[in-house]
Every structure is written in structure tokens, then in C-alpha cells.
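Read the structure below first, then the notes.
The values are calculated or read from the model by the stated rules, or taken from the named source; none is laboratory data. These figures come from a predicted structure and were not determined experimentally. For neighbour counting, all protein chains shown are included, and Cβ atoms are generated from backbone atoms with ideal geometry for every residue, glycine included. Keep in mind that these areas ignore ligands, DNA and RNA; they rest on the heavy atoms of the full protein, side chains included. Shrake-Rupley method; radii C 1.70, N 1.55, O 1.52, S 1.80 Å.
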Amino acid sequence: QVQLVESGGGLVQTGGSLRLSCAASGGIFSAYDIYWYRQAPGKQREWVSEITTGGTTNYASSAKGRFTISRDNAKDTAYLQMSSLKPDDTAVYYCNAQALNTAYWGQGTQVTVSS
């Protein structure tokens, strides 16, 4: 059983930056593909970015060029560096770990971007 804990959210002005962290425990972190999702009020949860066990990264069009996903397997932690933030980025951001048809979710961290 993998436990994921997100942190690093907060209130930031338009154009600002935040770095989210996803700390994992209870499993072999390096064996999991890591995903970031977000859910804005009244909207469905949407995929933001992913990093595979091999380090391949992908981004939603809304995140490309502004967000950078990374992982540190020695620290069992994944990161989402977000820059040039916009009010539309306001959401709860969730970390997701997947391997062998099993998925784990964190509790989420709130990101609020003020205009």
C-alpha cells in the first residue's frame, strides 16, 4: 500500500510560481509512474502531467511550457514546478502513482492564483 502526501500549494499572484511535492511511502517509489491531476471547483478532475519510471515526461497543453514534472527516487518524491501561473490554474492538485493496474491517490493540495 502506497501513501502519497502532496504539499507546496498555496496562494500566489498571477505570474507567480509554486513547487508542489508528492512524497511517497509504503512502496517502491521508483516502480511507479507518477501523474499530477487537478480539479477546479465545479469541474472534472483533469490530467496535468506525468513522469514514467524511465523519466519520460508528458504534459497537458495547458501545462506545456509552464510546468515541469520531475522525480527524485532517492527521496521517494515527485515534484511539479509551476511557473507563469494564471487564475485558471486554481485547483486542488493531486498526485497519482500507478503500477501493475494499481493506482494510488494523495489527498491533494490547494493552489489558488489571484488575479
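Between Ser17 and Gln81, the contour length at 0.36 nm per residue exceeds the Cα-Cα span by 22.3 nm. For Ser61, neighbours were defined as the other residues whose beta-carbon sits under 15 Å from its Cβ, and their charges (Lys and Arg +1, Asp and Glu -1) total 0. Per-atom-type breakdown for the chain gives carbon and sulfur 47% of the accessible area (1.4 Å probe, protein chains only). Other residues within the sphere of radius under 14 Å centred on the Cβ of Ala40, judged by their own Cβ, net out at +1 (K and R +1, D and E -1). When peptides 55-63, 39-47, 88-96, 14-22 are sorted by average Cβ neighbour count within 10 Å, with the highest value leading, the order is 88-96, 14-22, 55-63, 39-47.
Heavy-atom accessible area per residue, the chain, 1.4 Å probe: how many Å²?
Heavy-atom accessible area per residue stands at 52 Å².
Relative to the current alpha-carbon distance between Thr53 and Ser70, full extension at 0.36 nm per residue lengthens the span by 5.0 nm.
The label point for Val5 and the one for Ser114, both projected 7 Å from the Cα toward the Cβ, are 2.8 nm apart.
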